Amino acid sequence: MKRFNSIKKNDDFRKVYKKGRSKSDGLLVMYVLNKDDTNNEEKISRIGISISKKVGNSVVRHRLTRLVRECFRLNKEDFKYDADIVVIVRKGAAQSDFHEIEKSFLGLCKRQGLL
C-alpha cells in the first residue's frame, strides 16, 4: 500500500496558514501554498486536514477525514501546480455525504486556481 502524502508537522501547518491563500464555503475552509513559494525540494502536492472536536465524536471526525483525503486522492492529478493544502472541516459537514464534500472540495480548488 502506498504512503499518503500528508502534512504532519505543526511548522508545515503554520507555514501554510501564514503564507497561503484561503477560501471557504459552508462545509470547508481551504488554505493553499504553492510549492514555488516554499523552499521544499519535494515537488508533490500534500494535504493536511484539521477537524475540531466541535464537529463530532471521533467516528464522525475520522469519517470526514477519509472523505476529504479521498477527494484529494481522486483529483490531485488534475492540479495545475503542486501545492501544500490545508483543509479545515466545518461543523456543517458532519451530516454531508461524499458527493457534497467532493463538490465543496472541487469548488474551492477551482476558486484557488488549482484546477
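The values are calculated or read from the model by the stated rules, or taken from the named source; none is laboratory data. Here the structure is a predicted model, which means the values were calculated and not measured. Cβ: placed from backbone, ideal geometry, glycine included. Neighbour counts: every protein chain shown. We work out accessible area using only protein heavy atoms, side chains counted, and drop any ligands, DNA or RNA first. Shrake-Rupley method; radii C 1.70, N 1.55, O 1.52, S 1.80 Å.
Considering only Asn10, Asn34, Phe79, the residue lying farthest towards the positive end of the dipole of the chain is Asn10, judged by Cα position with unit charges set on Cβ.
Near Ile101, once Lys and Arg are set to +1 and Asp and Glu to -1 for all other residues with Cβ below 14 Å from its Cβ, the sum equals +3.
Between the Cα long axis of helix 10-19 and the first principal axis of the chain there is an angle of about 80°, rounded to the nearest 10. How high is the FRET efficiency between Arg69 and Lys103 when r is their beta carbon distance and R₀ equals 22 Å, given to the nearest 0.05? Plugging the Cβ-Cβ distance into 1/(1 + (r/R0)^6) gives 0.85.
Ranking His99, His62 from most to least accessible surface, computed with a 1.4 Å probe over the protein chains only, gives His99, His62.
Report, in degrees rounded to the nearest 10, the 0 to 90 angle that the Cα long axis of helix 98-112 makes with the longest principal axis of the chain. On a 0 to 90 degree scale, this one is about 30.
Which value, in debye to the nearest 20, describes the size of the charge dipole of the chain about its Cα centre when Lys and Arg Cβ atoms bear +1, Asp and Glu Cβ atoms bear -1, and nothing else is charged?
Numbers: 27 positive and 15 negative charges, 86 e Å.
Once rounded to the nearest 20, the dipole reads 420 debye.
A Förster distance of 41 Å, applied to the separation of the beta-carbon atoms of Ser24 and Arg3, puts the FRET efficiency at 0.90. For P(r) over Cα pairs in 10 Å bins from 0, in percent, computed directly from the structure shown, the correct entry in (1) 14, 50, 32, 4; (2) 13, 35, 24, 18, 10, 0; (3) 11, 26, 28, 19, 10, 5, 0 is (1).
The helix-based estimate of mean residue ellipticity at 222 nm for the chain, built from -39,500 (n - 2.57) per DSSP H run of four or more residues and divided by its residue count, is -12000 deg cm²/dmol to the nearest 500. For the cross-link pairs Lys8/Lys43; Lys15/Lys103; Lys15/Lys76, the ones whose C-alpha atoms lie over 19 Å apart are Lys15/Lys103; Lys15/Lys76. Sparsely packed loop sites in the stretch 1-110 (the trypsin sites (Lys or Arg not before Pro) outside DSSP H, G, I, E and B with at most 14 other Cβ atoms within 10 Å) comprise Lys2, Arg3, Lys8, Lys9, Lys43, Lys53, Lys54, Lys80.
Each residue, Val60 and Glu77, gets one label point 7 Å from its Cα in the Cβ direction; the gap between the two is 3.5 nm. Taking the 1.4 Å solvent-accessible surface of the chain as the whole, the part contributed by carbon and sulfur is 48%. Of the GluC sites (Glu not before Pro) found in the stretch 1-94, those that fall in a DSSP loop while having at most 12 other beta-carbon atoms within 10 Å are Glu41, Glu42.
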